[in-house]
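The values are calculated or read from the model by the stated rules, or taken from the named source; none is laboratory data. Everything numeric in this text was worked out from a predicted model, so none of it was measured. Glycine gets a Cβ as well: all are built from the backbone with ideal geometry, and neighbour counts include every protein chain shown.
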Amino acid sequence: MVSTESLTAYLLDVILSHLLLTFASLLATVAAICWYIRDSLIVDGLSHKYVFITGCDTGFGNLLARRLDQKGFHVIAGCLTKKGAADLASVTSPTLKTLLLNVTDSESISRAVEFVRREVGDRGLWGLVNNAGRSVPIGPTEWMQIKDFTKVLDVNLIGVIDVTLQVLPLLKKAQGRVVNVASILGRLSLTGGGYCLSKWGVEAFSDSLRRDMYHFGIKVSIIEPGFFKTGVTQLDLIEADLRRLWTRLPQHVKDSYGAAYLNEYIKAQDFFMKFLCSPDLSKVTKCMEHALTACFPRTRYSAGWDAKLLWIPLSYLPSSVSDFLIDMLLPLPIDERMN
Ligand SMILES: *[C@@H]1O[C@H](CO)[C@@H](O)[C@H](O)[C@H]1NC(C)=O
């Protein structure tokens, strides 16, 4: 048995002989506690605040609208379809208002902003959540035509910019917040097509917006989800679209990939989506809620274990590492196999 005195003497000895280490650990602990307290401070009067969310038909936007409604926010939920709007309205309180919004149509945005302006009155708008997005067409770059890129960029990037510019005066009035949904695919281009480009664009737009609006009291946060089960990762949609891209390719291009390539590529996507996609969308909406309710919202939120432990760390490593990993996950074109 070790006596208490000898243990105390031993600890004292360790502390004295490692003064610098002890001091550094203490400092780190205090810093972590301070950061934690600062991070948990919540703003006052949330129930009087208005939040406008785009893309509320399904997925993150839908869940966020329902959760903020339960918390007592005045939610204005933009939906692309009448059905999406009706379904959401049927499961939420009468305080939540839905409206039809197509973010690729400037006039549709103007009408939505006019509605928001009337709702919020002199209070201004506390939160704008740019959530609406689409993924397809995704696939090998060579299979794309320019329209395949613009289709996605129009929604995910130009749509975000258009909505933000039109809503900015209302946000300024309330010294509110912008929450933009990017992706880990805004850090790593794992696939061809417009999706990754659009999300890199959202990252860049949000960074400049944050710096430009900071002095007016507007805070901007970026959400970087990993893979989640939403309309964006719906395998049947992705698969059907890959078949469409493949079918219209000239024969010599198909030959260079080999007849089996399409099915192997689809199988790889299938594996990706089944293995990686989390069904727990609340991991993402919790980040959005923090960005809207914390006194000190973070600049970036990564959501999901794959984002935190795999994709974001991978994005800091040399490209050769990510190239190697992606290469392992995707099939090889036939030309490459013969070498
Ligand atoms: C959205 O607006 C664009 C541009 O006006 C239009 O081409 C598209 O069909 C609209 N989408 C829906 C679902 O209404």
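Assorted remarks:
- The set of residues in the stretch 85-110 that are touching a Leu at 6+ places or on another chain (Cβ under 9 Å) and touching a residue at least 12 places away in the same chain (Cβ under 8 Å) comprises A85, L88, L96, T98, L100, L101, N102, V103, I109.
- Of all the listed residues (S47, S90, S25), the sole one being touching a Gly at 6+ places or on another chain (Cβ under 7 Å), more than 16 Å from the ligand (Cβ to nearest atom) and not charged (D, E, K, R) is S47.
- Subset of the stretch 131-176 (residues that are free of Cβ contacts under 8 Å to residues at least 12 places away in the same chain and part of a helix (DSSP H, G or I)): I146, K147, L165, P169
- Meets criteria (closer than 21 Å to T81 by Cβ, away from the ligand (no atom under 15 Å from the Cβ) and polar (S, T, N, Q)) for N156: no
- Answer from V103, V75 - the residue that is within 12 Å of the ligand (Cβ to nearest atom), hydrophobic (A, V, I, L, M, F, W, C) and outside any helix (DSSP H, G or I): V103
- Of the residues making up the stretch 14-42, those that are outside any helix (DSSP H, G or I) and either surrounded by fewer than 11 Cβ atoms within 10 Å (Cβ to Cβ) or of a type in the set (A, V, I, L, M, F, W, C) (or both) are L41, I42.
Residues are listed down the side, and each one gets a yes or a no for (1) over 20 Å from the mean Cα position of the chain (by Cα); (2) under 19 Å from I218 (Cβ atoms); (3) more than 14 Å from the ligand (Cβ to nearest atom):
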residue: A85; (1), (2), (3): yes, no, no
residue: L96; (1), (2), (3): yes, no, yes
residue: G124; (1), (2), (3): yes, yes, yes
residue: W143; (1), (2), (3): yes, no, yes
residue: T164; (1), (2), (3): no, yes, yes
residue: K173; (1), (2), (3): yes, yes, yes
residue: G192; (1), (2), (3): no, no, yes
residue: C196; (1), (2), (3): no, no, yes
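- Looking across the stretch 78-100, the residues that are surrounded by 15 or more Cβ atoms within 10 Å (Cβ to Cβ) and closer than 16 Å to G231 by Cβ come down to G78, C79, L80, G84, A85, D87, L88.
- Residues of the stretch 43-68 that turn out to be at pLDDT 95 or above, not charged (D, E, K, R) and not in a loop (DSSP other than H, G, I, E, B), as a count: 12
- The set of residues from the stretch 106-122 being of a type outside the set (A, V, I, L, M) and either more than 15 Å from the ligand (Cβ to nearest atom) or at pLDDT below 95 (or both) comprises E114, F115, R117, R118, E119, G121, D122.
- Counted residues, the stretch 146-175 - those being farther than 15 Å from S206 by Cβ and among the small types (G, A, S): 1
- Figure legend. Inter-residue proximity from the stretch 285-303: first residues in contact (Cβ under 8 Å) with a residue 60 or more places away in the chain, second residues polar (S, T, N, Q), beta-carbon distance below 7 Å, spacing 6+ or different chains. Indicated pairs: A291/S221; P297/S221; R298/S221; T299/S221; Y301/S221.
- When the stretch 271-313 is limited to residues that are of a type outside the set (S, T, Y), within 18 Å of T233 (Cβ to Cβ) and not in a helix (DSSP H, G or I), the one that is modelled with the lowest pLDDT turns out to be C277.
- Cβ-Cβ contacts under 6 Å between residues 6 or more apart (or on different chains), taken from a first residue in the stretch 265-276 that is under 13 Å from K229 (Cβ atoms) to a second residue that is charged (D, E, K, R) and assigned to a helix (DSSP H, G or I), are listed as L276/D306.
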